[in-house]
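One structure below.
The values are calculated or read from the model by the stated rules, or taken from the named source; none is laboratory data. This one's a predicted model, so the numbers in the text were calculated from it and none came from an experiment. In this analysis, Cβ positions are derived from the backbone assuming ideal geometry, glycine residues included, and neighbour counts consider all displayed protein chains. Please note that ligands, DNA and RNA were not included when accessible areas were found on the heavy atoms of the full protein model with its side chains. Shrake-Rupley method; radii C 1.70, N 1.55, O 1.52, S 1.80 Å.
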Amino acid sequence: MQQILTILTNKPLTSSVYEMTLSGNTDKITGPGQFVNFKLLGLYLRRPLSICDYGKNYLKVIYKVVGKGTEQMSKMLPGEQLDVLLGLGNGYDLTVDTKKPILLGGGVGTPPMYNLCKKLKELGKSVTVILGFNTKEEVFYEEEFKQIVDKVIIKTADGSYGEKGFVTSDFSHEYDYVFTCGPEPMLKAVYNTTTTSGQYSFEERMGCGFGACMGCTCKTKYGNKRICKDGPVLVKEEIIW
Amino acid sequence: MVDLKVNLAGLVLDNPIVPASGTFGYGEEFASLYDINILGSFSFKGTTAQERFGNPTPRIADCANGMLNSVGLQNPGVDYVCNTIMPKMKTYFNKPVVANIGGFSIEEYCECAKKVSECEQVGIVELNVSCPNVHGGGMGFGTDAKLVYNVTSAVKQNCKKPLFVKLTPNVTDIKSIAKACEDAGANGVTLINTMLGMRINLNTRKPILAMRAGGYSGKAVFPVAIRMINDVYNTIKLPIMGCGGVETAEDVIEMMLAGATAVQVGSANLINPFVCKEIIQDLPIVCKKYKIKKLSDIIGGVNG
Ligand SMILES: Cc1cc2nc3c(=O)[nH]c(=O)nc-3n(C[C@H](O)[C@H](O)[C@H](O)COP(=O)(O)OP(=O)(O)OC[C@H]3O[C@@H](n4cnc5c(N)ncnc54)[C@H](O)[C@@H]3O)c2cc1C
Ligand SMILES: Cc1cc2nc3c(=O)[nH]c(=O)nc-3n(C[C@H](O)[C@H](O)[C@H](O)COP(=O)(O)O)c2cc1C
Ligand code: FES
């Protein structure tokens, strides 16, 4: 679970969002929707980030600079090493019965949609992707998604790019299942707007990230769950809203 | 060969390393990472008479050299622990375990102690007196020598295993509290529990923790723990399980010099899940460096 990974690239995608790729043993990662936990110099708790993409000896994360930890990461250079806990959380369940899944990502909830999109495409699904951002300057990964699937819609809250509105605005898409990740108000809107079952990825302040401290527990219809171990992905039917 | 064995109120541990309550669950997550039978023992998650969800989230805040938690004793309740978790624990841990119990009244503590001490695998019962007393206006049991005496002597009568009282550092005079434990018939004390702390989010100007304040633990509390352990060592004759900010084999030796017989490792497990394994591997090497042949010889060995 614990690995030392080496930074391959680290570059800005927007003025505050960065993409970092790393090399090293990633065998513990079992699927999209899982996360990793970074140990950073001089900071006590690790910083959790979703897996954006992974492969053999390869990991990619996308992060927004919001505080000390992400700030430190943004200044790191290729060749530098990081202590990472890998393969944390349950991840998205890809065995569900769906032919036309819709993927809804908001802001820095977009990254986990990327590998998920790849995997669903490989499984022969007809995937629709909708990504929501506040404004044009914040949009990232449109091209990357378009290289995997045709149906990629970008929404901006202020209408400065793509379609104006939220990921759930003018929701007339054809879909039979939902995969989503984003800020909680967005997840709630998705929960209320969509009519099918789906999988929702949550965030919580974490102590350990691997189920030991009970720092991240939430109540669900299926009992208490640790977001880090029994989540971060919950199915729509168990969410209490 | 360095002798790492220690005798904790009659229970002989292969080494003094005991993961602290609340940072090691019931051991299962760690057993999937390494063979936890290398540990001296471990103290399981604070267990109460009734199942508890605990406090609202956020329950965790990052700090310089430490963390705050306000988990609020989330646990599945003593019956579930005794009937479901303990039978399973045997499959991944084959040594006596430390049963940490919490409570909000003397009756609850007694019920819990009675039940856990009847479990075969429980070697020591550890009484967490840092909980608020619902019958005493919510004041922490552990902050008043008389209350500590009352709860300890009542629990002792219901406890079939050696009883350790886990002390809170949030007191003016730790010695009088430790003395009350000894007078009440405890077999040992564990210290320290977390220190009260608080953080504020600058953007929202709200406390980071939903409960406003929480318990501070981790590297930063180490010197506080060392001082309190030494104070208690100089005051009572009972064995001490030291706890607070331990991260390395050197820290273990320092804590034992202060007076600890066993050493608990808490928050460090959350950051480096392999920390206890690494400390146990390092101990013989560090002992050699400081010319220690028998680790138990150094307990309380600080000069001056
Ligand atoms: C499962 C999971 C996946 C995540 N994936 C991503 C991602 O792919 N991209 C991304 O940009 N961000 C992601 N986040 C949020 C990310 O963890 C935080 O932005 C980051 O920890 C902030 O650290 P900091 O030191 O820069 O900020 P600070 O505010 O200085 O951090 C202080 C403390 O608060 C915690 N914290 C702050 N914000 C959050 C948050 N939103 N969620 C949980 N803990 C937080 C930090 O981990 C740290 O312990 C994810 C969070 C979780 C729980
Ligand atoms: C997340 C968390 C949960 C804890 N839960 C308990 C508990 O249930 N019972 C208890 O007696 N102490 C509990 N503690 C306190 C620790 O056992 C330990 O006394 C304290 O953290 C100081 O040690 P450390 O600095 O090595 O973490 C908890 C600590 C943390 C960080
Ligand atoms: S963060 Fe420790 S249990 Fe989830």
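Here is the P(r) of the stretch B:26-102: all C-alpha pair distances, binned every 10 Å from 0, give 17, 40, 35, 8, 0 in whole percents. The residues packed around residue A:154, meaning those with a beta-carbon under 9 Å from its beta-carbon, carry a net charge of -1 if Lys and Arg are +1 and Asp and Glu are -1.
How charged is the neighbourhood of residue A:200? Take every other residue with its Cβ under 15 Å from the Cβ of residue A:200, and add Lys/Arg as +1 and Asp/Glu as -1. Mind showing how you got there, number by number?
On the way: positive: A:188, A:219, A:221, A:225, A:236; negative: A:93, A:184, A:203, A:204, A:230, A:237, A:238.
Residues near residue A:200 contribute -2 overall.
Grab the stretch A:2-88 and count how many Lys pairs have their alpha-carbon atoms under 15 Å apart, sequence gap of 8 or more, or different chains. Kindly include the intermediate steps, with their values, before the conclusion.
Details: A:11/A:60; A:11/A:64; A:11/A:75; A:28/A:56; A:28/A:60; A:39/A:68; A:39/A:75; A:64/A:75.
Count of close lysine pairs: 8.
Taken one residue at a time, the phi angles of the stretch B:111-127 give Karplus couplings (6.51, -1.76, 1.60, θ = phi - 60°) of 4, 5, 4, 4, 5, 5, 6, 7, 6, 4, 7, 6, x, 9, 9, 10, 8 Hz. Gly and Pro are set to x.
With 0.36 nm allotted per residue and the present C-alpha distance subtracted, the residue B:32-residue B:291 stretch has 89.8 nm of extension available.
Note the buried accessible area between B and A here, summed over both chains, with a 1.4 Å probe, in Å² to the nearest 100. Please list the in-between numbers first.
Values: alone 13290 and 11320 Å², together 22250 Å².
Rounded to the nearest hundred, the buried surface is 2400 Å².
For chain B, a Gaussian network of Cα nodes joined below 10 Å ranks B:200, B:279, B:292 by mean-square fluctuation, and the top entry is B:200. In the assembled protein chains, residue B:112 presents an accessible area of approximately 0 Å² (probe radius 1.4 Å).
Using Cβ point charges alone (K and R +1, D and E -1), the dipole size of the protein assembly as shown about the Cα centre works out to roughly 440 debye. Phi-derived couplings, Karplus 6.51 cos²θ - 1.76 cosθ + 1.60 at θ = phi - 60°, listed residue by residue for the stretch A:31-48: x, x, x, 7, 9, 10, 10, 8, 8, 10, 4, x, 10, 6, 6, 6, 10, x Hz, with x used for Gly and Pro.
The sum of -39500 (n - 2.57) across all DSSP H runs of n ≥ 4, divided by the residue count of chain B, sets its helix-only mean residue ellipticity at 222 nm to -8000 deg cm²/dmol.
Could you put A:114, B:233 in order of accessible surface area, largest first, with the 1.4 Å probe and the full protein assembly present?
Values: A:114 25, B:233 85 Å².
Order by accessible area, largest first: B:233, A:114.
Taking the protein heavy atoms of the stretch A:101-203 in the context of the full set of protein chains, the accessible area attributed to carbon and sulfur is 47 percent at 1.4 Å. Taking all protein chains together, A:44, B:290, A:58 sort by accessible area into B:290, A:58, A:44, largest first [probe 1.4 Å].
Positive-end ranking of A:128, B:265, B:63 along the dipole of the protein assembly as shown, with charges on Cβ about the Cα centre, is headed by B:265. Put B:59, B:212, B:199, B:205 in order of accessible area, highest first, and with a 1.4 Å probe you get B:205, B:212, B:199, B:59. Using the Cα coordinates of the protein assembly as shown, the gyration tensor eigenvalues translate into equivalent-ellipsoid semi-axes of 46, 25, 21 Å, sorted from longest to shortest.
Pull up the DSSP beta bridges for the protein assembly as shown and report the antiparallel fraction as a percent, rounded to 5.
On the way: 53 of 99 bridges.
If I count the DSSP bridges inside the protein assembly as shown, around 55 percent turn out antiparallel.
In order along the stretch A:213-219, the Karplus-derived 3J(HN,Hα) couplings, from 6.51 cos²θ - 1.76 cosθ + 1.60 at θ = phi - 60°, round to 10, 6, x, 10, 6, 10, 8 Hz, and Gly and Pro are given as x. Between the stretch B:20-61 and the stretch A:92-167, the alpha-carbon centres lie 38 Å apart.
Once the other residues with Cβ under 13 Å from the Cβ of residue B:53 are scored (Lys, Arg +1; Asp, Glu -1), what is the net sum?
Details: positive: A:219, A:225, A:226, B:52, B:59; negative: B:51.
Local net charge: +4.
In the P(r) worked out for the stretch A:14-80, what percent of Cα pairs fall beyond 15 Å?
Working: 1174 of 2211 pairs.
Here the long-distance tail beyond 15 Å is 53 percent of all Cα pairs in the stretch A:14-80.
Specify the residue with the greatest mean-square fluctuation among B:163, B:73, B:191, computed from a Gaussian network of chain B linking alpha-carbon atoms under 10 Å apart. The residue that fluctuates most here is B:73.
Under a Gaussian network description of chain B, with springs only between Cα atoms under 10 Å, the residue in B:58, B:96, B:16 that fluctuates furthest is B:58.
Looking at the stretch A:101-203, the accessible area is 43 square angstrom per residue; that uses a 1.4 Å probe and ignores ligands, DNA and RNA.
Mind checking the mean number of beta-carbon atoms from other chains within 10 Å of the Cβ atoms in B:267-275? Spell out each step's value before the answer.
Working: counts 5, 0, 5, 11, 11, 5, 7, 2, 0.
The mean count of partner-chain Cβ atoms within 10 Å per residue comes to 5.
The apolar share of the surface of chain B, taken as the fraction of accessible area on carbon and sulfur atoms (1.4 Å probe, ligands and nucleic acids excluded), comes to 52 percent.
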